[in-house]
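Colleague: Dropping a structure here in structure tokens format, bear with me for questions.
The values are calculated or read from the model by the stated rules, or taken from the named source; none is laboratory data. This structure is a prediction, so every number in the text was calculated from the model and none was measured. All Cβ positions, glycine included, derive from the backbone under ideal geometry; neighbour counts span all protein chains shown.
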There are 4 protein chains.
Amino acid sequence: MSRSTSAAGTDPGPGTPQDPGAAARRTGRPRSAAADRAILGATRAALVELGWSRLTLGDVAARAGVAKTTLYRRWPGKNELVVDALAELFDELELPADGGSLDADIAGVVLQFAALLERPEVRTALMAVVVEATHDDELRTRIRRAIVDRQKRLVLQGRARARRRGELAPDEDPAEAARQADLIFDVVAGTVVHRTLVSCEDVDPAWARSLAALVAAGLGAGPADRT
Amino acid sequence: MSRSTSAAGTDPGPGTPQDPGAAARRTGRPRSAAADRAILGATRAALVELGWSRLTLGDVAARAGVAKTTLYRRWPGKNELVVDALAELFDELELPADGGSLDADIAGVVLQFAALLERPEVRTALMAVVVEATHDDELRTRIRRAIVDRQKRLVLQGRARARRRGELAPDEDPAEAARQADLIFDVVAGTVVHRTLVSCEDVDPAWARSLAALVAAGLGAGPADRT
Amino acid sequence: MSRSTSAAGTDPGPGTPQDPGAAARRTGRPRSAAADRAILGATRAALVELGWSRLTLGDVAARAGVAKTTLYRRWPGKNELVVDALAELFDELELPADGGSLDADIAGVVLQFAALLERPEVRTALMAVVVEATHDDELRTRIRRAIVDRQKRLVLQGRARARRRGELAPDEDPAEAARQADLIFDVVAGTVVHRTLVSCEDVDPAWARSLAALVAAGLGAGPADRT
Amino acid sequence: MSRSTSAAGTDPGPGTPQDPGAAARRTGRPRSAAADRAILGATRAALVELGWSRLTLGDVAARAGVAKTTLYRRWPGKNELVVDALAELFDELELPADGGSLDADIAGVVLQFAALLERPEVRTALMAVVVEATHDDELRTRIRRAIVDRQKRLVLQGRARARRRGELAPDEDPAEAARQADLIFDVVAGTVVHRTLVSCEDVDPAWARSLAALVAAGLGAGPADRT
DNA sequence: CATTAATCGAGACGGTACGTCTAGTCTTCAG
DNA sequence: CTGAAGACTAGACGTACCGTCTCGATTAATG
């Protein structure tokens, strides 16, 4: 498990774990790590049962066996809490084993991302916090750091793998390459989200292959042996 | 203005204006059409200022100079009201003038859709109601009818135009064709939404052309027989 | 029942009952008189069971079968609510039937006042609101109007009766008379309160006669026939 | 300073200073006497600023520069803390110098007690703890020992002095004498409290003389044999 | 002098009540 | 019957204190 950002909450100040050697929080009773775990777990469970809009922090606290204050000490509100609760799931995203071709790799990423989006807690909450971030800059950067960047990494790794295989030409203009990677990311993630949330249809392997083919073709990736 | 669906709200039964000949509501004071307009306008204004989650119906009623009762007589709740307020904007979507090629047509649709999504009230509210619809079937149909189908029409019209131009082969398998149209729709709409809401970057013509090129290439639309 | 001040609450504005003929509250649903009664009754019941410091407005609302908002619409807080709840009891104070002598009349007043103070809701709450009024001018005037003046009236009536009987000389200096009435009032009320709350002993007729004798002697009241 | 009772607080068991010879607390760091003083002082200061109901122990601790733990180690709660904070002030009560007559002595006591009650911390807190004691027997005894008995002593001393002067007949029936002393105590203390808290008027020497005259007359203290 | 054990500051913890806000309904009067 | 006004029930909100607890760091008196 690689995340180290979240759960530091409202007032991480000096002394959060990723601040080693610093004059960490010396004094007072330390925060309970068990409470952190219980709260994030309870949040996901409540999302599954109630959905985003019926989720209340009082209920989360009760499920976690924790006082409301304990919750508010760590997160400023529902939005931030849910972002961190989701982030723990996105931690597990990894580039699937090499599928042998760009098509196959993309399809693998699509399926993995879709599997995440089909979890009811993600389905109900992911876009909800994105919507909230519309009017909240801090929340937006929190989402970017905790969730978006984690996904984007897969796109970059996949591109690198395809270049190694010779399916994609080496980057000539780095800015252009970044632009293209961003586009791919928006296409893959956006399409999966739209399919799942707006069109309300499941992502099956056939659909994933269609999308992957479309993207790969759009990238002008010839078959690997074309070199 | 072409819509005729909405604004019938809670109690559409007999008596909606477009229900001629029926034993329409005979008696009592008729509902004020001015109130309808004021409410939908106030809803959009409030969305711009407050965003989705801070929007309250009491506030909308106050802005519209209308009693809460009047509002609840027409719409069952915040979700439905906002869908109708957005729908008025989506009414204006039309397939842009023929750009001469599939690429150009797609880019035109992308830009038009992006222009809508960059309006703050749409940005904040569109996905919000979609999220709410996750647990609400009626709302989902309402959104589909008032918003989604209106967009999808553009995709179908664009495909038809491309086939007339000879860029796309005529449909062989109608089911396959529908599946492809759905994919295109998810790709275009999903990517634009993701770019706008998650990546938080504006859609400029260059980006629109990139996306259009990717989609067109993915469709296997060569410059076609035009070569 | 003579009171007409209370229960108008926070925002009596124009239109409270005692503002007849004025452009009274014309519009909107009128406040429920039943709720008023239920709340004040529930307040007294809760005081009896819980005492002042454990009394919570949420509990009062629940007992009254009323929402908390209904309660806060009428009273700004616990202090004011309790003052009005007590005031209804003090409404019933009246000068006892003529006892034939100043002594007897004073003893009657003492007993009547003591009977009120021995009710558990009064015992626990009366001085509590007085204490709160230490830092709250508005509360102080509310107490004065709703409770204190109602008691003081008895002193004035008793003095008048004694003068009619010839036990007390007619007032020569009105200012001096007022000062004396105030002193009597502080002595009678203060002593009974102190006996009841601080010394924690019941007021029996014998004690009442002792106090009455002391006060009457201090007033220099000869027996009535002394004229 | 004569008090030696308080400050033993929660855990007086073995080890309070006045528990000599016992197997007193032998080991460990002794409690800071400075903290005791700081806490009681901070309590009075906070009472002056905030009044009884807004006084919080967290605030007292902060003012005293002390942790909440330190405070709770010594006193079980707000009530007991405030009683001890007030008690330090009542320690200073003494029977004023002989005024030459019962009247004058009573007036002196009245003025002295009134001076105490006009201190804002006493005004707001004295009756507050009495009210709390309504439902708390332990607190009632604590108040009686720390405050009430200290005042009552003055009444007894004053009566003794008056008897020595010949203004009062020697006690015939001790029970009757006790009853009379209690009455006097309730009259003097109760009246002063009522004047100060309920009527909200200052006690000036003229008023004190009026009250003293009334009480002395009621006691049947003629100028006695002095005539 | 080292040990020992209670104290200290700091602050997290589970609770409870607060007073406010919003949702959606109901009740009154005016047109 | 509509519409404005506003009271109504219900319940979540985020905050404030309570009194307890867990830390690491001081201190005296004891050994």
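Colleague: Can you name the residue in segment D:100-154 that is in contact (Cβ under 8 Å) with a residue 24 or more places away in the chain and hydroxyl-bearing (S, T, Y) and is also surrounded by the most Cβ atoms within 10 Å (Cβ to Cβ) among such residues?
Modeller: D:T124
Colleague: Identify the residue in segment C:62-84 that is under 21 Å from the mean Cα position of the chain (by Cα) and within 14 Å of another protein chain (Cβ to nearest Cβ) and, among all such residues, is farthest from DNA strand E (Cβ to nearest atom).
Modeller: Going through the qualifying residues, I end up with C:V83.
Colleague: Among the numbered conditions (1) under 21 Å from B:T134 (Cα atoms); (2) modelled with pLDDT of 95 or more; (3) away from DNA strand E (no atom under 13 Å from the Cβ); (4) not in a loop (DSSP other than H, G, I, E, B), tell me where A:L55 comes up short.
Modeller: Of (1) under 21 Å from B:T134 (Cα atoms); (2) modelled with pLDDT of 95 or more; (3) away from DNA strand E (no atom under 13 Å from the Cβ); (4) not in a loop (DSSP other than H, G, I, E, B), only one is false for A:L55: (4).
Colleague: Would you confirm, using the coordinates I've provided, whether C:A87 is modelled with pLDDT of 95 or more and within 16 Å of DNA strand E (Cβ to nearest atom)?
Modeller: No; evaluated as a whole, the condition is false for this residue.
Colleague: Related question: If a residue has to be more than 12 Å from every other protein chain (Cβ to nearest Cβ) and touching a Ser or Thr at 6+ places or on another chain (Cβ under 7 Å) to count, how many in segment B:119-161 make the cut?
Modeller: 2
Colleague: Now, a different point. Could you pull out every one of the helices (runs of 4 or more DSSP H) wholly within segment A:129-220 that has 3 or more residues that are under 16 Å from the mean Cα position of the chain (by Cα)?
Modeller: The qualifying helices (runs of 4 or more DSSP H) are A:137-143, A:149-165, A:174-193.
Colleague: Go through (1) touching a residue at least 24 places away in the same chain (Cβ under 8 Å); (2) within 11 Å of DNA strand F (Cβ to nearest atom); (3) away from chain B (no Cβ under 14 Å) one by one and return the number of the condition A:L89 breaks.
Modeller: (2)
Colleague: Out of all the residues in segment A:24-42, is one or more at pLDDT below 90, assigned to a loop (DSSP other than H, G, I, E, B) and more than 10 Å from DNA strand F (Cβ to nearest atom)?
Modeller: The answer is yes; a qualifying residue exists.
Colleague: Give segment D:105-125 a look and list any residue that's of a type outside the set (D, E, K, R) and within 23 Å of D:Q157 (Cα to Cα), or say none.
Modeller: Listed by number, the residues that qualify are D:I106, D:A107, D:G108, D:V109, D:V110, D:L111, D:Q112, D:F113, D:A114, D:A115, D:L116, D:L117.
Colleague: Would you check if C:D171 is facing another protein chain (nearest Cβ under 7 Å) and either more than 15 Å from C:V110 (Cα to Cα) or polar (S, T, N, Q) (or both)?
Modeller: Taking the combined requirement at face value, the residue does not satisfy it.
Colleague: Let me ask something else. Any idea how many residues of segment D:65-86 are within 13 Å of DNA strand F (Cβ to nearest atom), in a helix (DSSP H, G or I) and not charged (D, E, K, R)?
Modeller: Qualifying residue count for the region: 7.
Colleague: Step by step: first the residues of segment C:31-48, then only those that are within 14 Å of chain D (Cβ to nearest Cβ) and away from DNA strand E (no atom under 12 Å from the Cβ), then the one that is nearest to C:V130 (Cα to Cα). Which residue is that?
Modeller: By that ranking, first place goes to C:L47.
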